[in-house]
Amino acid sequence: MEIVYHPHPALGWKSTPVQRIDSGLRKTVEAMFELMYESKGIGLAANQVALPYRLFIMNATGEPGDKDHEFVFINPEIMKRSGQEEGEEGCLSLPEVYGPVTRSTHITVSAFDLSGNEFVLELEALPARVVQHEADHLDGVMFTDRMAAENKAEIEDVLERFEADFRRNQSGGTIAADDELKKKLRELAETQA
Ligand code: ZN
């Protein structure tokens with residue numbers, strides 16, 4: 001398992017609901033937590049490891065041993081939102097890129113955990129921001145897509161560099177072509193269904 005970078009097609013993919021919570025999925029989630037901590041992240045969506053499933057993980061403290069703050073959100077729905085605030089965001093799929101994004105201050109989110117139990121959380125501030133950022137990934141939306149035009153203009157060069165690197169790796173054969181990557185995503189989505 002590895003994190004994929006912009007503009008990998010998985011990052012623009014609208015993911016499929018998880019149908020089965022089984023040992024395979026639990027192993028996937030465990031590997032995602034390891035990867036997130038290695039990369040010093042506080043959230044990671046399945047899309048970012050090229051899995052087209054509606055699931056993400058979060059530990060807003062970023063502390064690997066802090067199990068109390070580890071959350072798995074399977075088939076999440078943001079049911080309520082209120083307030084708005086701007087804050088700086090980054091993404092493990094766009095290393096070293098940061099920019100301001102306006103998000104709801106308070107949210108109510110429902111999801112299933114790894115035991116298949118539904119839970120509802122009311123969140124604010126950073127955890128609310130992380131959930132909104134990660135939930136966007138499941139719809140193929142990057143935080144840069146949410147940035148105001150004038151702010152996005154400032155990082156346009158960096159985004160182009162990511163795109164050029166990605167295409168170069170595809171030409172060099174270290175990353176498969178988009179068509180092949182999309183075919184794989186479709187196959188994976190069907191496997192879960
Ligand atoms: Zn992200």
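Just so you know, all these numbers are worked out from the coordinates, no wet-lab data involved. Computed from a predicted model, the values in this text were never measured in an experiment. With ideal geometry, Cβ positions are generated from the backbone for all residues, glycine too; neighbour counts draw on all protein chains shown.
Excluding GLU180 itself, calculate the net charge of residues whose Cβ lies under 15 Å from the Cβ of GLU180, where each Lys or Arg counts +1 and each Asp or Glu counts -1.
Numbers: positive: ARG167, LYS182, LYS183, LYS184, ARG186; negative: ASP178, ASP179, GLU187.
Value of the local net charge: +2.
What are the ³J(HN,Hα) couplings of the range 136-143, residue after residue, when phi is run through the Karplus curve with 6.51, -1.76, 1.60 and θ = phi - 60°? Round to Hz, x for glycine and proline.
Once rounded to whole Hz, the list reads 4, 3, 5, 9, x, 10, 9, 4.
If you plug each phi of the range 115-129 into the Karplus form 6.51 cos²θ - 1.76 cosθ + 1.60 with θ = phi - 60°, what whole-Hz ³J(HN,Hα) values come out, in order, with x for Gly and Pro?
My calculation for the range 115-129 gives 8, x, 8, 7, 9, 10, 10, 9, 10, 9, 6, 4, x, 5, 5 Hz in order.
Given the C-alpha atoms of the chain, compute the convex hull and give its volume per residue in Å³. Intermediate values should be presented prior to the final figure.
On the way: hull volume 21.9 nm³, N = 193.
That works out to 113 Å³ per residue.
Given H placed on each backbone N at 1.01 Å, which residues far from THR16 in sequence or on other chains put an amide H within less than 5 Å of it?
TYR53, ARG54
At a threshold of 8 angstrom on Cα-Cα distance, excluding pairs fewer than six apart, so keeping six or more, what relative contact order does the chain reach in percent? Don't jump to the answer; show the numbers that get you there.
Working: 333 pairs, mean separation 50.8, N = 193.
About 26 percent, as a whole number.
If we count other beta carbons within 10 Å of each Cβ, what is the order of LYS40, LYS183, fewest first?
Numbers: LYS40 9, LYS183 13.
In order of increasing Cβ crowding within 10 Å: LYS40, LYS183.
Excluding residues on the same chain fewer than 8 positions from LYS67, give the lysines whose Cα lies under 26 Å from its Cα.
LYS27, LYS40
Taking the radius of gyration and the Kirkwood hydrodynamic radius from Cα positions alone, what is the Rg/Rh ratio for the range 122-193, to two decimal places? Walk me through the numbers on the way to the answer.
Numbers: Rg = 16.2 Å, Rh = 15.1 Å.
Here Rg/Rh amounts to 1.08.
Under the 0.36 nm per residue contour assumption, what length would be gained going from the current alpha-carbon distance of HIS69 and THR105 to full extension?
On the way: separation 36, 0.36 × 36 = 12.96 nm, distance 1.92 nm.
Contour length minus Cα-Cα distance gives 11.0 nm.
With N residues in the range 59-156, what two-decimal value do you get for its Cα radius of gyration over 2.2 N^0.38 Å? Kindly include the intermediate steps, with their values, before the conclusion.
Numbers: Rg = 14.1 Å, N = 98, 2.2 N^0.38 = 12.6 Å.
Compactness ratio reported: 1.12.
With no solvent and one point on each alpha carbon, what is the Debye value of log10 I(q)/I(0) for the range 1-49 at q = 0.23, 0.26, 0.32 Å⁻¹?
Here log10 of I(q) over I(0) equals -0.95, -1.10, -1.22.
For LYS183, give me every one of the lysines with a C-alpha distance below 22 angstrom, ignoring sequence neighbours fewer than eight places off in its own chain.
Within the straight-line cut-off, LYS183 pairs with LYS14.
With θ set to phi - 60° and the Karplus curve 6.51 cos²θ - 1.76 cosθ + 1.60, what are the ³J(HN,Hα) couplings of the range 79-93 in order, to the nearest whole Hz, using x for Gly and Pro?
Residue by residue, the range 79-93 yields 8, 9, 9, 8, x, 9, 8, 9, x, 6, 10, x, 8, 5, 8 Hz.
At 0.36 nm per residue, minus the direct Cα-Cα distance, what do GLU122 and THR191 gain on full extension? Give it in nm, one decimal, please. Working shown, then result.
Numbers: separation 69, 0.36 × 69 = 24.84 nm, distance 3.27 nm.
Gain on extension, GLU122 to THR191, equals 21.6 nm.
Taking a spot 7 Å from the Cα of GLU34 along the direction of its beta carbon, which residues of the range 40-59 have an amide N less than 19 Å from it?
Counting only backbone N, you get 40-51, 56-59.
Describe numerically, in nm with one decimal, the distance between label points set 7 Å from Cα along Cα→Cβ at GLU160 and at LYS182.
2.5 nm
I want to verify a result. In a Gaussian network model of the chain, Cα cutoff 10 Å, which of these has the top mean-square fluctuation: GLY99, GLY140, GLY24?
GLY24
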